[in-house]
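The values are calculated or read from the model by the stated rules, or taken from the named source; none is laboratory data. Remember, predicted model here, so these are calculated numbers, not experimental data. Glycine also receives a Cβ, built like all others from the backbone with ideal geometry; neighbour counts cover every protein chain displayed.
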Amino acid sequence: TSLGDHVLEVGAGPGAATAELARRVRRVTSLEFSHEFCVRLRGKAGEAASTEAGNIVQGDASVLPFADCTFSGAIAVLVLHHLRSVEAQDQAFREIYRVLRPGGIFVALEIPDGWLSRVAHIRSTFVPVTMGGARERLGAAGFSGVSAERRRGAISLRAARPA
């Protein structure tokens, strides 16, 4: 899946995927809700954090601080279930759609619902994303070509903003 030349990383967290994305894409903009994680990411990134190669922005996935049609692709790895409600997830889907260019691709990786996932998140927010629900909800946000698959114990989502 080609995410194009400027990718939005939604929910960068501690930066597990950030470095790999930066190796594969010309420009990465990483959005992170946690101030602590943003400070750490900026420290890791150093000069690159504010260059043309990409930047790190503190913000909320359901209220993206970017102009319409900014990104060629967006990726969310293990972040959607941390949003506080299904409504916040739906708002994030609409926001991601808004900031993608026509033809832009959104991919997400999520953990399935289950007792182990719930126990692992006992001290944090856990709003599971289901495969069927995600297809319908991404479609309602305007996406087309929506797919949801179970892969190696994870849910893989892919959707496109129509060209």
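Scanning the range 17-35 for residues that are outside any strand (DSSP E or B) and either crowded, with 24+ Cβ neighbours inside 10 Å or over 13 Å from the mean Cα position of the chain (by Cα) (or both) yields A19, E20, A22, R23, R24, V25, R26, S34, H35.
For the range 80-94, what are the residues that are outside any helix (DSSP H, G or I) and at pLDDT 90 or above? Scanning the range 80-94 gives a single hit, S85. For L116, the requirement of being more than 12 Å from the chain's Cα centre (by Cα), surrounded by fewer than 12 Cβ atoms within 10 Å (Cβ to Cβ) and not in a loop (DSSP other than H, G, I, E, B) is met. Against the criterion of being in a strand (DSSP E or B), in contact (Cβ under 8 Å) with a residue 40 or more places away in the chain and surrounded by 20 or more Cβ atoms within 10 Å (Cβ to Cβ), L157 qualifies. Scanning the range 82-105 for residues that are without any contact (Cβ under 8 Å) to a residue 60 or more places away in the chain and surrounded by fewer than 19 Cβ atoms within 10 Å (Cβ to Cβ) turns up R84, S85, V86, E87, A88, D90, Q91, R94, R98.
Within the range 119-147, the set of residues being basic (K, R) and surrounded by 12 or more Cβ atoms within 10 Å (Cβ to Cβ) comprises R135, R137. When the range 1-16 is filtered for residues that are in contact with a Phe, Trp or Tyr (Cβ under 8 Å, 6 or more places away or on another chain) and either part of a loop (DSSP other than H, G, I, E, B) or more than 18 Å from C69 (Cα to Cα) (or both), the ones remaining, listed by number, are G4, G11, A12, G13, P14, G15.
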